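Colleague: Here's a structure for you.
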Amino acid sequence: ECFAVQDSPVWMDSSTADQCQFLEAAVGGAQRLADITGSRAYERFTGNQIAKICRSKLNEFNETE
């Protein structure tokens, strides 16, 4: 079993701006996120991509281990 979706995003995907804004707001802003993690939220980063898939392709996400 593995996590796979049709038409997976590539490294230059920028469709996760909403997830980035949510993540930055949740920790107190872009600078606070950078202080914690070493980087602000970029659209291509894995966490934001997974969050988007969780919201938009819930069935596929729920079938992961």
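Colleague: Report the gain in length on full extension from THR46 to ALA26: 0.36 nm times residue separation, minus Cα-Cα distance, nm rounded to one decimal.
Modeller: Numbers: separation 20, 0.36 × 20 = 7.20 nm, distance 1.72 nm.
Extra length from THR46 to ALA26 when fully extended: 5.5 nm.
Colleague: What do the square roots of 5 times the Cα gyration tensor eigenvalues come to for the stretch 17-62, in whole Å, largest first, as semi-axes of the equivalent ellipsoid?
Modeller: Calculated on Cα positions only, the semi-axes equal 22, 9, 8 Å.
Colleague: Only loop residues by DSSP count here, and only those with at most 13 other Cβ atoms within 10 Å; note down the chymotrypsin sites (Phe, Trp or Tyr not before Pro) in the stretch 4-65 that meet that.
Modeller: When the chymotrypsin sites (Phe, Trp or Tyr not before Pro) of the stretch 4-65 are filtered for loop state and at most 13 Cβ neighbours within 10 Å, TRP11, TYR42 remain.
Colleague: Give the calculated FRET efficiency between ALA17 and GLU65 to the nearest 0.05, with a Förster radius of 30 Å applied to their Cβ-Cβ distance.
Modeller: So, using R0 = 30 Å, E works out to roughly 0.55.
Here, each number is a calculation from the coordinates, and none is a lab measurement. These numbers were taken from a predicted model, which means no experiment stands behind them. Cβ coordinates were reconstructed from backbone atoms using ideal geometry, including for glycine residues, and neighbour counts include every protein chain displayed.
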